[in-house]
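The values are calculated or read from the model by the stated rules, or taken from the named source; none is laboratory data. What you see is a predicted model, and the numbers here were worked out from it, not measured in a lab. For neighbour counting, all protein chains shown are included, and Cβ atoms are generated from backbone atoms with ideal geometry for every residue, glycine included. Calculation scope for accessible area: heavy atoms of the full protein, side chains included, ligands and nucleic acids excluded. Shrake-Rupley method; radii C 1.70, N 1.55, O 1.52, S 1.80 Å.
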Amino acid sequence: MKINQSVALVTGSNRGIGKAIVESLVANGAKKVYAAARTWDGKKPMNDRVIHVELDVTDQKQIDALVGKAGDVNLLVNNAGVVDFVDIINASEEQFQRNFSVNLFGMWKMAKAFAPIIEKNTGGAMVNILSILSFASMPVFSVYNASKAAAWSMCLSLRATLKDKGIRVLNVFPGPVDTDMISAVDIAKTSPKDVANSILAGLESEKEDVFPDPMSESVYDAWKKDHKQIEKQFASM
Ligand SMILES: NC(=O)c1ccc[n+]([C@@H]2O[C@H](COP(=O)([O-])OP(=O)(O)OC[C@H]3O[C@@H](n4cnc5c(N)ncnc54)[C@H](OP(=O)(O)O)[C@@H]3O)[C@@H](O)[C@H]2O)c1
């Protein structure tokens with residue numbers, strides 16, 4: 001997909017990776033970007049091609065309202081996400097529901113709402129921000145791991161189902177990225193800007209999957225060779 005022909009909608013775009021994706025889309029000539037967030041700080045959009053829109057991805061009424069406003073979208077970026085730091089035995093049902101309602105059901109609701117729009121606009125793409133934790137579980141991310149693994153599986157169904165509608169599904173599996181989400185975790189991290197640029201490069205190429213940082217690339221290579229070794233390595237982290 002050519003970025004300069006895109007009309008994009010990015011969820012969770014007020015900070016972190018979502019914000020960097022909006023900036024990168026603008027820098028690479030996107031025609032228009034609907035920057036969606038639960039709340040905005042009242043500041044003007046960074047560019048006159050950016051439109052701030054209100055969206056909680058768990059709120060079907062807000063999604064329906066956005067469908068009415070953003071009928072020209074041909075690129076959906078499902079980025080919004082949440083995490084809880086808790087092991088699987090101590091996780092509460094509320095934590096499970098929170099992670100699944102945003103990371104899985106929010107993505108699904110947005111895909112359902114915008115696939116017909118992208119199809120009507122003669123096709124385009126859907127980018128889904130998953131995680132390297134879709135492949136293997138670190139115990140402290142228990143409910144998040146489960147939500148991202150489920151989301152990965154769903155995204156494979158989306159790819160198969162949307163192919164004939166002219167919608168390409170690009171799945172993205174970041175490793176640690178320097179955002180609020182893991183600010184408390186002491187580990188080498190990639191900048192959101194580098195991650196955003198890798199995603200856009202992936203969109204411009206024929207790729208189906210993007211590993212946007214050095215850790216995710218090396219973990220994926222090792223996982224392909226011996227997934228049990230990665231399972232054990234992550235389990236001990
Ligand atoms: N950081 C990492 O290391 C890492 C690694 C792999 C994958 N990811 C994934 O990358 C994506 C972006 O994460 P990030 O690192 O940029 O995290 P972040 O800085 O915590 O930002 C999360 C974004 O998601 C939004 N969000 C949360 N719940 C929402 C909801 N119900 N409706 C709409 N927006 C909602 C947040 O909005 P509010 O400001 O309103 O809370 C915020 O804009 C997530 O899907 C995350 O799982 C991150």
Unique residue being closer than 30 Å to Gln5 by Cα and within 9 Å of the ligand (Cβ to nearest atom) when the list is Val127, Val83, Val177: Val177
The listed residue being open to solvent by 80 Å² or more (accessible area, probe 1.4 Å), of a type in the set (Asp, Glu) and either on the phi > 0 side of the Ramachandran plot or touching a residue at least 12 places away in the same chain (Cβ under 8 Å) (or both), out of Asp213, Asp194: Asp194
Residue within the stretch 66-84 that is assigned to a helix (DSSP H, G or I) and open to solvent by less than 40 Å² (accessible area, probe 1.4 Å) present: yes
